[in-house]
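Report on the following structure.
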Amino acid sequence: MSRVRLLAMLAATAVAAGVVAVFNMLPASAAACAAAWQSSAVYTGGATVSHNGRNFLAKWWTQNEAPPGTTGVWQDQGSCGGSTPQPPTQTGSAGGCSFPAWVQGRNYVTGDVVKFTDGKYYVAEHDNPGYSPTISTWYWDPYTCSGGGTTQPPTNPTTNPPNNGAFVVSEAQFNQMFPNRNPFYTYNGLVAALSAYPAFAKTGTDAQRKQEAAAFLANVNHETGGLVYIVEQNTANYPHYCDTSQPYGCPAGQAAYYGRGPIQLSWNFNYKAAGDALGIDLLHNPNLVQTDPTVAMKTALWYWNTQSGPGTMTPHNAMVNGAGFGETIRSINGSLECGGRNPAQVQSRVAAYQRFVGILGVGVGAGNLSC
């Protein structure tokens with residue numbers, strides 16, 4: 001349960017870069033309509049969209065909530081008229097794609113298009129320091145040229161995964177995995193949280209989906225003692241998780257950002273980053289992680305799907321791209337456990353994973369089990 005706490009400063013830069021707007025639009029005038037709202041787009045505070053003949057201003061991060069919405073994220077800017085500008089399209093050469101070759105280690109920003117070593121083109125969905133497009137699918141999306149080099153808005157596997165049905169873990173299997181769990185951690189809370197990251201446990205084959213669910217729950221099992229602990233047990237650490245160098249400070253109090261939830265979210269900057277990504281003000285209301293089962297699970301899924309920690313990829317990417325369960329350990333607590341630093345802790349996670357895939361009726365999958 002020490003991964004976020006002891007590695008927080010290492011993760012701060014990655015956390016800050018983990019949430020990037022897909023469309024960054026300027027507010028429209030009262031007379032003209034802004035670009036039309038799109039369900040697959042990610043909007044940050046200050047973005048303006050039009051919907052049903054009215055303009056709306058986003059007050060914070062949001063996705064897939066049509067204006068005017070139900071959470072208060074959209075501020076009605078009044079009726080609009082005239083032409084509606086559309087989001088810009090990427091362009092290549094007149095006869096097809098003509099973009100530079102991908103270079104490992106080069107910084108790319110959202111919207112950059114590159115030709116990878118496999119001969120295919122990819123568009124950056126999030127800023128990244130030259131990650132491989134075939135491995136870091138959170139950062140890159142396949143790019144297809146058509147009709148003079150333009151491309152249609154890409155389908156993001158994280159926000160628009162294939163519809164693979166219900167959650168691959170049943171409530172009975174969940175209860176079998178966690179026979180002594182705290183009543184706070186509910187199956188319904190977990191299932192409700194899945195909507196925040198639709199690609200989780202719904203990417204790849206049926207076996208891969210079950211393996212990812214088992215991997216996530218195995219790491220959660222280790223972090224919480226079998227879904228028993230809701231908050232960090234060492235209260236002496238509580239005052240140490242306020243990074244006063246952050247411009248937003250610690251509005252909930254210096255000792256308010258201790259570890260909470262299935263992957264023990266801690267530090268003010270992690271609460272802010274997770275809250276911004278989820279559209280929940282966790283910076284001012286960190287207690288939501290220990291009082292709302294769905295919010296608690298969402299913060300764990302936020303880390304799993306968007307953060308690489310001390311590893312080289314997100315745990316989600318590790319499981320869907322065949323890197324193996326061991327890489328999920330590296331991304332969660334690799335600096336303290338991997339490379340022979342704490343083999344007993346690694347084995348605890350591996351044993352839980354092996355037990356959970358057995359409950360789900362699949363093998364352990366490709367890649368390394370250990371790190």
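Observations on the structure shown:
- Length added when fully stretched, Ala255-Ser335, from 0.36 nm per residue minus Cα-Cα: 26.3 nm
- Region 177-236 and region 271-324: distance between their alpha carbon centers, rounded to Å: 12
- Pairwise FRET efficiency - Asp127 versus Ser195, Cβ, R0 = 22 Å, nearest 0.05: 0.30
- Cα-Cα separations in region 245-315 greater than 14 Å, expressed as whole percent: 54
- Using only alpha-carbon positions in region 230-284, the gyration tensor eigenvalues give semi-axes of 17, 15, 8 Å once each is multiplied by 5 and square-rooted (largest first).
- The packing ranking, built from the mean of other Cβ atoms within 10 Å per residue, places the peptides 295-307, 170-182 in the order 295-307, 170-182, highest first.
- Packing-based order for 108-115, 232-239, using average beta carbon neighbours within 10 Å, highest first: 108-115, 232-239
- Theoretical gain in end-to-end length, Gln347 to Phe184 [0.36 nm per residue, Cα-Cα removed]: 56.0 nm
- A P(r) calculated from all alpha carbon pairs of region 202-303, with 5 Å bins opening at zero, reads 2, 14, 23, 21, 18, 11, 6, 4, 2, 0 percent.
- Heavy atoms of Arg330 accessible to a 1.4 Å probe, total area in Å² rounded to 10: 70
- Peptides 189-199, 240-250 ordered by packing proxy, namely the average of other Cβ atoms within 10 Å per residue, highest first: 189-199, 240-250.
- Sites Ala172 and Thr134, calculated FRET efficiency, Cβ-Cβ separation with R0 45 Å, nearest 0.05: 0.75
- Positive minus negative residues near Pro251 (Lys, Arg vs Asp, Glu; Cβ under 12 Å): 0
- Inter-site label distance for Lys120 and Asn234 at 7 Å from Cα along Cβ, in nm: 4.5
The values are calculated or read from the model by the stated rules, or taken from the named source; none is laboratory data. All of these numbers come straight from a predicted model, not from anything done at the bench. With ideal geometry, Cβ positions are generated from the backbone for all residues, glycine too; neighbour counts draw on all protein chains shown. Just so you know, the surface numbers come from the protein's heavy atoms only, side chains and all, with ligands and any DNA or RNA stripped out. Shrake-Rupley method; radii C 1.70, N 1.55, O 1.52, S 1.80 Å.
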